[in-house]
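The values are calculated or read from the model by the stated rules, or taken from the named source; none is laboratory data. Here the structure is a predicted model, which is why all the values come from computation and not from measurement. Cβ atoms come from the backbone with ideal geometry, glycine included; neighbour counts cover every protein chain shown. For accessibility, only protein heavy atoms count, side chains too; no ligands or nucleic acids. Shrake-Rupley method; radii C 1.70, N 1.55, O 1.52, S 1.80 Å.
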Amino acid sequence: MTLNLAIAGAAGRMGSALILAARSDARFDVVGGTDRAGSALVGTDLSLLNGKVPSGHIISDTVDAACAQADVWIDFTSPDATLAALSALKPAQVKAVIIGTTGFDADQIEAIKTASDHFAIVQSGNFSLGVNLVAGLVRQAAARLGPDWDIEILESHHRHKVDAPSGTALMLGHAAAAGRGVDHNQVAKLARHGQVGPRTAGDLGYAVIRAGGIIGDHEVMFASEDEIVTIAHKAVSRTIFAKGALEAAAWASTKKPGLYTMGDVLDF
Ligand code: NAD
């Protein structure tokens, strides 16, 4: 039996990568999708975007129309759009929700937790196998390397990205903080500018680059006075995120309501 998917943000970079990956995998059918009201692509067949045979399903601008036949909702849009979809989705219709959108504020994160009373939600700042492996390595390194090792996270993304630091950088920062046994939000230095003074011991620093078409590069640096260890990941195709999100969809479709991570899906 195939799993029916609705793709929110179907006309976006990740939306079209997801449609392409799902239509190449016999486990899935894409039966609906949304994009923002007013987009010229609303009303277009979901598959014409990537040159595949028409699917017979069009991109809609309403959640209700897009999820009518769907088992799983996959959302790579914007924080406001994801939250609006979560309020419009009905548990009697979709079993699971996969959230790839990044840039949520604290209230929005709380709203996602509340929605997980009704849906099996997998939320991750990065759905690639490699980044989730890297998060585990960062956690271990932070646990083993003592407080005289400074931790800095550098991330680079394409010029269209709207949130910073990236969801992946924050995920790696949380992994480092967990390894050290500290509260991430107490030690995170999300940006530096001007007369900031010397580095405070225990800070977890972030640096951000936005340029060209970079899909997503991340580096976690552990630096003592005498040596430097770096753990890095480079995305060379959006397919890694799309394939990971599809694995999460298959996994979540059989799970009880709750909030899950990609670590749960991969059993890391
Ligand atoms: P994008 O701008 O190419 O695509 C977003 C799409 O959402 C656009 O087509 C836009 O029109 C659409 N949209 C906006 N408002 C909408 C609404 N109300 N309803 C339906 N659709 C709406 O961006 P992208 O590069 O595809 O990234 C999308 C999100 O996914 C970002 O938050 C990005 O950081 C995140 N992302 C996450 C991962 C991951 O692995 N978690 C990987 C890549 C990107």
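The single condition among (1) under 19 Å from Ala120 (Cβ atoms); (2) over 20 Å from the mean Cα position of the chain (by Cα); (3) within 16 Å of the ligand (Cβ to nearest atom) that Thr254 does not satisfy is (3).
Of all the numbered requirements in (1) in contact (Cβ under 8 Å) with a residue 12 or more places away in the chain; (2) open to solvent by 70 Å² or more (accessible area, probe 1.4 Å), Pro198 misses one, and that requirement is (1). None of Asn185, Asn132 is among the polar types (S, T, N, Q), without any contact (Cβ under 8 Å) to a residue 12 or more places away in the chain and either within 22 Å of Phe104 (Cα to Cα) or surrounded by 12 or more Cβ atoms within 10 Å (Cβ to Cβ) (or both) except Asn185.
The listed residues are Ala96, Ala70, and the only one of them that is farther than 26 Å from Asp217 by Cα, surrounded by 14 or more Cβ atoms within 10 Å (Cβ to Cβ), touching a residue at least 60 places away in the same chain (Cβ under 8 Å) and in contact with a Ser or Thr (Cβ under 8 Å, 6 or more places away or on another chain) turns out to be Ala96.
Within the range 232-242, is even one residue part of a loop (DSSP other than H, G, I, E, B) and within 26 Å of Ala141 (Cβ to Cβ)? Yes, that holds for at least one residue. Hey, can you tell me all the residues within the range 1-26 that are in a strand (DSSP E or B) and either within 12 Å of the ligand (Cβ to nearest atom) or modelled with pLDDT under 95 (or both)? Ala6, Ile7, Ala8 - these are the residues of the range 1-26 that are in a strand (DSSP E or B) and either within 12 Å of the ligand (Cβ to nearest atom) or modelled with pLDDT under 95 (or both). Just checking, does the range 214-227 include any residue being within 16 Å of the ligand (Cβ to nearest atom), closer than 27 Å to Ile121 by Cβ, among the aliphatic types (A, V, I, L, M) and open to solvent by less than 70 Å² (accessible area, probe 1.4 Å)? Looking through the range 214-227, at least one residue is within 16 Å of the ligand (Cβ to nearest atom), closer than 27 Å to Ile121 by Cβ, among the aliphatic types (A, V, I, L, M) and open to solvent by less than 70 Å² (accessible area, probe 1.4 Å).
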